[in-house]
Amino acid sequence: MIVLRSIYVRFLSIILLASICVTLLISSLPISSETCKCEGASERDIQHEKFHRSFKETFTSEKPKLALLVPFRDRFDELLRFVPHISAFLNRQQIPFHIFVLNQNDRYRFNRASLINVGFVQVKDHYDYIAMHDVDLLPLNDNLKYDYPGDGPLHISGPEFHPKYHYATFIGGILLLKTEHYQQLNGMSNNYWGWGLEDDEFYVRIKEMGLEIARPRNITTGVDDTFLHIHDRLHRRRDTTKCFNQREITRRRDRETGLSTLRYRIDSTKELTIDKDALTVLNINLECDKSKTPWCECVSETKSRLESKKKN
Ligand code: UDP
Ligand code: MN
């Protein structure tokens, strides 16, 4: 009888232990969209929300929060250098920041400005300011302060320090804006597929809104030692092709497109680290309205020219 009772007690404790283990295991699994009470939210939104929450918890500082928006396609080597470099640089300045790599996943020509618009829409409710940041431009001088640009855009990579671009109205490379300003400007134009001019159009937007562009002061380094531009121009050729009426349209100020006309889909969001530094990759599929910007794909023009040649 005593033997039977001890077997029974042992059996009960094994069952109890097993059910505790199963409960613990289930509660440690990631929340799925089925179990979430957030109506209408996809699993991706939930992951994103969770990420922002954990970010807020990590940064207890009252300082304004910076989202680094990095337009990106096929520059993996540069990214491996950029992330540790910029993370150490901004940590020295004690700036609460997070890196968002805006990876263009569709098959259209590269569109830096639209990618930045997408990044902005994704982060604007969680961050106080953005930096549009080329992946291949590394700041070397610690006096380049990525501070909150309250009064107007802050252009970090000014023409007197940039290794390549020296015209006075240049605002490419690295530009900081508070989220309210980027919203008021309706973001950047979506018309620029291929390399160049999107930043010059943005310059005119900023000027027309009456904002003053500031640049870092008291920088004693020059064009050779303020930034490192890790751009091999033979290996990373700039897509300067112009097709259809691209040249004519992209030379004009665009009063129509921007945040309000942006069309895209985010296919996935990936949380990565490079060494110990965190980043989020947004896999973005831009949409192109070919009745408005047929130059998002120049091949179609070449093809139709070849076809009409064949017919003649
Ligand atoms: N970029 C990219 N892949 C490309 C083209 C551009 O990732 O195929 C991004 C990258 O962040 C790069 C920025 O867009 O630093 C500006 O392009 P690029 O360096 O070619 O222009 P630059 O300003 O050096 O003339
Ligand atoms: Mn470059």
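The values are calculated or read from the model by the stated rules, or taken from the named source; none is laboratory data. All values derive from a computational prediction rather than experimental measurement. Here the Cβ positions follow ideal geometry from the backbone for every residue, glycine too, while neighbour counts run over all protein chains shown.
Observations
- Enumeration of residues in segment 179-204 that are closer than 14 Å to residue 155 by Cβ and out of contact with any helix residue (DSSP H, G or I) (no Cβ under 9 Å at 6 or more places or on another chain): 200, 203
- Pairing residues of segment 126-152 that are over 13 Å from residue 173 (Cα atoms) and within 16 Å of ligand 2 (Cβ to nearest atom) with residues that are assigned to a loop (DSSP other than H, G, I, E, B) and modelled with pLDDT of 95 or more, at Cβ distances under 9 Å and at least 6 apart in sequence or on separate chains, gives 140/221; 140/225; 140/226.
- Candidates 72, 76, 89: the one that is aromatic (Phe, Trp, Tyr) and free of Cβ contacts under 8 Å to residues at least 12 places away in the same chain is 76.
- If the condition is being among the small types (Gly, Ala, Ser) and touching a residue at least 12 places away in the same chain (Cβ under 8 Å), then segment 194-245 contributes 194, 196, 214, 222.
- Filter result (in contact with a Lys or Arg (Cβ under 9 Å, 6 or more places away or on another chain) and within 16 Å of ligand 2 (Cβ to nearest atom)) within segment 60-100: 71, 74, 75, 78, 82
- Residues (assigned to a helix (DSSP H, G or I) and in contact with a Pro (Cβ under 9 Å, 6 or more places away or on another chain)) located in segment 203-234: 206
To keep it simple, each residue is scored yes or no on (1) within 16 Å of ligand 2 (Cβ to nearest atom); (2) more than 23 Å from the chain's Cα centre (by Cα); (3) at negative phi.
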position	(1), (2), (3)
221	no, yes, yes
225	no, yes, yes
232	yes, no, yes
239	yes, no, yes
244	no, yes, no
259	no, no, yes
264	no, no, yes
267	no, no, yes
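- Unmet criterion (only one of (1) within 23 Å of residue 246 (Cβ to Cβ); (2) part of a strand (DSSP E or B)) for residue 177: (1)
- Just one of (1) touching a Lys or Arg at 6+ places or on another chain (Cβ under 9 Å); (2) more than 16 Å from residue 187 (Cβ to Cβ) fails for residue 208. It is (2).
- Complete set of residues in segment 51-77 that are over 13 Å from residue 136 (Cα atoms), acidic (Asp, Glu) and either modelled with pLDDT of 90 or more or within 20 Å of the chain's Cα centre (by Cα) (or both): 62
- Some residue of segment 165-182 being more than 21 Å from residue 260 (Cα to Cα), near ligand 1 (Cβ under 10 Å from one of its atoms), out of contact with any Pro (no Cβ under 7 Å at 6 or more places or on another chain) and small (Gly, Ala, Ser): yes
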